[in-house]
Number of protein chains: 2
Amino acid sequence: MNKITPEELLQLADDKKFLVIKERLSEENPIDIAGLFGEIPPERVAPFFRLLPKELAADTFVEMDSDMQEKLITGFSDYELHALVDELYVDDTVDIIEEMPANVVKRILASADPSMRSDINEILKYPGNSAGSIMTTEYVTLKPTMTASEAFDRIRQVGSDSETIYTCYVTSKDKKLVGVVTVKELLLASKEKTVAELMTENVIFAYTDEDREETVNRIRDYGLMALPVVDKEQRIVGIVTIDDALDVLTEESEEDFSKMAGVVPTETPYIKTSVLDLWKARIPWLLLLMISATFTGAIISNFENKLASCAVLIGFIPMLMDTGGNSGSQASVSVIRAISLGGISIKDIFRVLFKELRVGLLCCAVLAVCNFGKMFLVDKLLMGRTEEIDIQVMLTVCLTLAVTVVIAKLVGASLPLLAKAIKLDPAVMASPLITTLVDAISLLTYFGLASVFILG
Amino acid sequence: MNKITPEELLQLADDKKFLVIKERLSEENPIDIAGLFGEIPPERVAPFFRLLPKELAADTFVEMDSDMQEKLITGFSDYELHALVDELYVDDTVDIIEEMPANVVKRILASADPSMRSDINEILKYPGNSAGSIMTTEYVTLKPTMTASEAFDRIRQVGSDSETIYTCYVTSKDKKLVGVVTVKELLLASKEKTVAELMTENVIFAYTDEDREETVNRIRDYGLMALPVVDKEQRIVGIVTIDDALDVLTEESEEDFSKMAGVVPTETPYIKTSVLDLWKARIPWLLLLMISATFTGAIISNFENKLASCAVLIGFIPMLMDTGGNSGSQASVSVIRAISLGGISIKDIFRVLFKELRVGLLCCAVLAVCNFGKMFLVDKLLMGRTEEIDIQVMLTVCLTLAVTVVIAKLVGASLPLLAKAIKLDPAVMASPLITTLVDAISLLTYFGLASVFILG
């Protein structure tokens with residue numbers, strides 16, 4: 001059957017064919033239903049939402065944007081809200097709560113049963129970028145002494161409320177994590193084997209206060225379906241599942257993309273972000289960088305009269321600045337990504353600098369030689385500027401280029417590492433800021449060399 | 001027990017304590033063992049590798065880098081190679097094969113049993129960026145008429161060779177995909193229920209020739225553990241699991257990071273990439289952009305004499321170029337990411353342009369006003385350049401700034417969409433290329449306005 005369109009849905013409602021709607025919607029995927037609801041007038045969503053079966057309603061609710069969620073909750077009776085919250089997973093509820101105004105949060109917490117409420121408060125207590133904040137508290141624990149078939153009894157009993165049943169966590173009497181066992185291992189083993197015999201004791205885990213990016217990197221690097229989160233006493237307090245890790249990873253890398261482009265990260269997708277919000281995200285860096293360009297401007301102003309007397313030098317300023325900026329951001333982006341993926345840290349700084357020095361020397365040699373050739377063939381011969389572009393000018397430009405490229409590589413590679421070392425965000429150090437710095441360096445070099453070779 | 005260190009491992013080998021090594025290694029995680037092997041001299045790895053139990057050996061092999069893999073395979077007897085390949089998953093084998101020289105590929109294929117060999121060839125046949133190329137052919141299929149307990153019998157029978165058993169695919173007699181059912185659903189249901197009763201018929205899937213990025217986006221957006229891949233006749237031919245999706249997603253976004261910084265993407269992590277490879281990845285764009293800056297240089301050269309007669313204008317060139325470049329890359333990165341995440345396509349171009357026009361106008365108003373204020377307060381009053389910085393100069397600079405920012409936003413947003421429309425890579429259109437274009441536009445505007453206001 002074809003997917004139902006927003007127009008069809010509204011038409012069916014106008015015709016009062018609610019049973020048909022109920023049937024059609026029940027066959028749809030929650031993500032698609034949330035998308036569908038996003039395309040009809042917001043005030044008409046509630047009646048359709050009420051037609052959804054309980055579980056589908058909860059799954060759909062989680063996928064809606066927060067404005068719509070708030071609108072629905074405001075319209076719900078306490079009974080309806082309780083029925084909804086009852087079906088939600090703890091970590092999804094936390095995500096919803098974080099976007100809601102205080103009065104709605106209060107109502108949601110009041111609707112949750114006591115154990116869920118305490119779980120929610122537990123997760124809310126961890127800082128936003130920690131492993132604790134992205135975990136869920138619904139998972140299956142087993143005892144080492146259980147047999148495989150007893151384990152299945154337990155899974156059947158608690159499984160429907162768990163975010164994943166496929167990885168089960170084996171705990172000792174004092175709740176300490178002693179092993180993991182998968183449903184696959186339990187299924188393929190004979191029924192009398194004990195959990196202790198089947199489990200893996202060498203468990204990969206995260207601490208509640210660990211960085212969330214490191215936590216999800218671990219899930220990816222070890223190819224895990226879920227990662228247990230433990231407290232200081234090695235007691236399991238939650239798990240992070242791979243699908244949540246995927247979301248966090250996407251969020252983190254989108255944040256880095258934004259920061260590298262000098263944009264304050266927003267959580268809404270581009271096409272749904274309002275013009276005003278886009279403006280707010282972009283103007284701070286534009287302003288800051290514009291003001292900081294005063295610095296480069298001042299360098300040029302100081303040299304203005306000399307430039308006027310040797311005007312041919314002006315034409316090479318953009319090339320020098322751009323090539324320096326590009327060299328720097330190549331290095332900085334490489335280093336920023338390596339930091340994010342967990343490949344390097346401040347202790348590697350000398351290794352990184354030595355590497356970049358060599359790459360920079362190789363690059364600058366090629367660029368300087370090519371530029372020398374280009375200036376000779378194109379600028380001097382082809383454009384017939386034999387008089388102005390003499391050997392001194394060519395040397396000044398090419399030497400500046402060489403120096404700028406090497407320095408740009410070193411600055412670009414070291415700033416993110418230094419930022420990380422003093423607990424700043426490495427990504428913020430990327431292209432825009434480095435460009436301003438490299439601009440200044442390349443201009444100072446240019447004018448310094450020009451003073452020596454040409455105007456000296 | 002603490003993790004074994006490379007030094008300990010070598011010491012134990014020197015002491016000929018092979019049983020201890022075997023025992024210690026068996027407790028380690030394959031990823032950690034691969035890491036350990038990476039830190040000891042390559043020629044000493046093989047004897048340790050032979051001590052690993054069969055399955056752990058295969059899991060470890062998959063995690064090694066391809067140089068090490070090649071070295072090991074070269075040293076293997078045909079019997080050893082067969083034993084290894086037998087334990088590998090089809091998709092991992094394909095990944096390995098893609099990195100090996102032809103003679104090694106031949107040996108691997110010869111070691112695979114006929115059905116695996118045909119599966120490998122099947123996957124190798126799909127283009128590198130398609131869903132078919134990232135799928136695996138090892139999954140569990142069920143018949144709709146099976147009961148839950150019969151389903152478990154089948155899972156037990158074929159499960160150990162499957163990449164995931166948790167999502168099972170229900171096929172009709174002609175191999176067409178008719179539904180999916182999870183082990184969770186089977187476990188929580190009573191044993192007599194049939195698969196047909198338990199399965200979800202509304203299956204989310206991908207076609208073999210679909211783009212791999214779209215495929216993994218679907219896994220993330222729908223929160224799936226695995227996505228079935230079907231051929232044109234809706235017959236299931238493979239699945240993509242979420243852990244492979246996570247790897248592809250990371251690879252794709254790292255590629256975009258590289259391209260946006262004007263770096264040719266490489267597959268090895270930064271710290272492991274040789275200086276020569278880094279140079280090769282970076283020099284093409286640096287050269288291209290340096291040469292293309294000839295264009296901006298030519299614009300300035302044409303205006304050289306006039307600039308010399310009004311030297312104060314030179315000092316604002318870097319600010320205008322940088323602000324234009326930053327505005328453009330803000331827009332382009334936003335649009336590139338939205339394309340990658342599946343949010344927009346060429347049909348949205350007018351919506352995007354209208355949005356960027358408004359954002360650009362807001363940004364340029366603020367920037368122009370602030371810059372006017374800054375020029376008046378800092379450049380004119382504070383630096384005492386009352387004579388040179390008159391109202392004409394201030395107007396020229398601020399108007400150029402305004403025009404540049406708006407044009408940069410429009411160019412930055414439209415180029416990636418146009419690239420996508422003609423099947424080029426949107427990310428390649430990012431900052432470096434756009435910067436060159438925006439530089440030229442801002443300089444032409446600057447000199448045009450200067451001619452009118454100042455030198456007219």
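Data for the structure
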read-out	value
Selection within the stretch A:57-68 - within 20 Å of A:L10 (Cα to Cα) and either crowded, with 19+ Cβ neighbours inside 10 Å or not assigned by TED's automatic domain parsing to the domain that holds A:I97 (or both)	A:A57, A:T60, A:F61, A:M64
Tally of residues being open to solvent by 50 Å² or more (accessible area, probe 1.4 Å) and at pLDDT 85 or above across the stretch A:80-98	6
Test result for B:D113, surrounded by fewer than 18 Cβ atoms within 10 Å (Cβ to Cβ), touching a His at 6+ places or on another chain (Cβ under 9 Å) and over 20 Å from B:E233 (Cα atoms)	yes
Criterion (among the hydrophobic types (A, V, I, L, M, F, W, C), crowded, with 16+ Cβ neighbours inside 10 Å and closer than 23 Å to B:V359 by Cβ) met by exactly one of A:A308, A:A281	A:A281
A:A46 surrounded by 18 or more Cβ atoms within 10 Å (Cβ to Cβ), more than 14 Å from chain B (Cβ to nearest Cβ) and assigned to a helix (DSSP H, G or I)	no
Single match in A:A196, A:A151 (criterion: out of contact with any Phe, Trp or Tyr (no Cβ under 6 Å at 6 or more places or on another chain) and farther than 30 Å from A:L88 by Cβ)	A:A196
Residue that is farthest from B:L276 (Cα to Cα), among those in the stretch A:336-356 that are open to solvent by 50 Å² or more (accessible area, probe 1.4 Å) and free of Cβ contacts under 8 Å to residues at least 24 places away in the same chain	A:K347
Selected residue (criterion: farthest from B:G412 (Cα to Cα)) from residues of the stretch A:263-309 that are touching a residue at least 12 places away in the same chain (Cβ under 8 Å), at the interface with chain B (Cβ under 8 Å from one of its Cβ atoms) and among the small types (G, A, S)	A:S309
Per-region count, the stretch A:202-223, residues modelled with pLDDT of 90 or more, within 14 Å of chain B (Cβ to nearest Cβ) and over 17 Å from the mean Cα position of the chain (by Cα)	3
All positions within the stretch B:161-203 that are open to solvent by 60 Å² or more (accessible area, probe 1.4 Å), touching a helix residue (DSSP H, G or I) at 6+ places or on another chain (Cβ under 8 Å) and assigned to a helix (DSSP H, G or I)	B:E185, B:L188
Any hit, the stretch B:314-326, residues being surrounded by fewer than 23 Cβ atoms within 10 Å (Cβ to Cβ) and in a helix (DSSP H, G or I)	yes
In the stretch B:228-278, residue surrounded by the fewest Cβ atoms within 10 Å (Cβ to Cβ) [restricted to those that are closer than 27 Å to B:R218 by Cβ and of a type in the set (K, R)]	B:K232
Selection within the stretch B:141-151 - assigned to a helix (DSSP H, G or I) and open to solvent by less than 20 Å² (accessible area, probe 1.4 Å)	B:A148, B:A151
Tabulated pairs, the stretch B:215-241, first not assigned by TED's automatic domain parsing to the domain that holds B:V90, second at pLDDT below 90 and among the basic types (K, R), C-beta under 8 angstrom, 6+ apart or interchain	B:R235/B:K175; B:I236/B:K175
Among (1) open to solvent by 20 Å² or more (accessible area, probe 1.4 Å); (2) in contact with a Ser or Thr (Cβ under 9 Å, 6 or more places away or on another chain); (3) in a helix (DSSP H, G or I); (4) over 17 Å from A:L278 (Cα atoms) - the single one B:N371 does not satisfy	(1)
Check on B:S133, more than 14 Å from every other protein chain (Cβ to nearest Cβ), among the polar types (S, T, N, Q) and more than 32 Å from the chain's Cα centre (by Cα)	no
Selection count where residues are among the aliphatic types (A, V, I, L, M) and open to solvent by 60 Å² or more (accessible area, probe 1.4 Å), scope the stretch A:386-423	5
Any chance A:P284 is more than 28 Å from B:F295 (Cβ to Cβ) and under 40 Å from the mean Cα position of the chain (by Cα)	yes
Count of the stretch A:364-389 residues which are closer than 29 Å to B:K280 by Cβ, more than 9 Å from every other protein chain (Cβ to nearest Cβ) and not aromatic (F, W, Y)	7
All positions within the stretch B:246-262 that are aliphatic (A, V, I, L, M) and either in contact (Cβ under 8 Å) with a residue 60 or more places away in the chain or touching a Pro at 6+ places or on another chain (Cβ under 9 Å) (or both)	B:V248, B:M260, B:A261
Residue identified as among the aliphatic types (A, V, I, L, M) and closer than 20 Å to B:S130 by Cβ among B:V183, B:V203	B:V203
All positions within the stretch B:175-184 that are out of contact with any Phe, Trp or Tyr (no Cβ under 9 Å at 6 or more places or on another chain) and either facing chain A (nearest Cβ under 10 Å) or among the aromatic types (F, W, Y) (or both)	none
Where B:E138 falls short, out of the listed (1) closer than 21 Å to B:K193 by Cα; (2) within 14 Å of another protein chain (Cβ to nearest Cβ); (3) open to solvent by 30 Å² or more (accessible area, probe 1.4 Å)	(1)
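Yes/no matrix, rows are residues, columns are (1) more than 10 Å from chain B (Cβ to nearest Cβ); (2) under 30 Å from the mean Cα position of the chain (by Cα):
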position: A:I349; (1), (2): yes, yes
position: A:K355; (1), (2): no, yes
position: A:L362; (1), (2): no, no
position: A:I391; (1), (2): yes, no
position: A:L399; (1), (2): yes, no
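Results for (1) within 14 Å of another protein chain (Cβ to nearest Cβ); (2) open to solvent by less than 60 Å² (accessible area, probe 1.4 Å); (3) aromatic (F, W, Y); (4) touching a residue at least 12 places away in the same chain (Cβ under 8 Å), shown as yes or no for each residue.
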{"position": "A:P6", "(1), (2), (3), (4)": "no, yes, no, yes"}
{"position": "A:L9", "(1), (2), (3), (4)": "no, yes, no, yes"}
{"position": "A:D15", "(1), (2), (3), (4)": "no, no, no, no"}
{"position": "A:L19", "(1), (2), (3), (4)": "no, no, no, no"}
{"position": "A:E23", "(1), (2), (3), (4)": "yes, no, no, no"}
{"position": "A:E28", "(1), (2), (3), (4)": "yes, yes, no, yes"}
{"position": "A:D32", "(1), (2), (3), (4)": "yes, yes, no, yes"}
{"position": "A:E39", "(1), (2), (3), (4)": "no, no, no, yes"}
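The values are calculated or read from the model by the stated rules, or taken from the named source; none is laboratory data. All values reported here derive from a predicted model rather than from experimental measurement. When we count neighbours, we look across all protein chains shown, and the Cβ atoms used for this are built from the backbone with ideal geometry, even at glycine. Note: areas computed on protein heavy atoms with side chains; ligands, DNA, RNA excluded. Shrake-Rupley method; radii C 1.70, N 1.55, O 1.52, S 1.80 Å.
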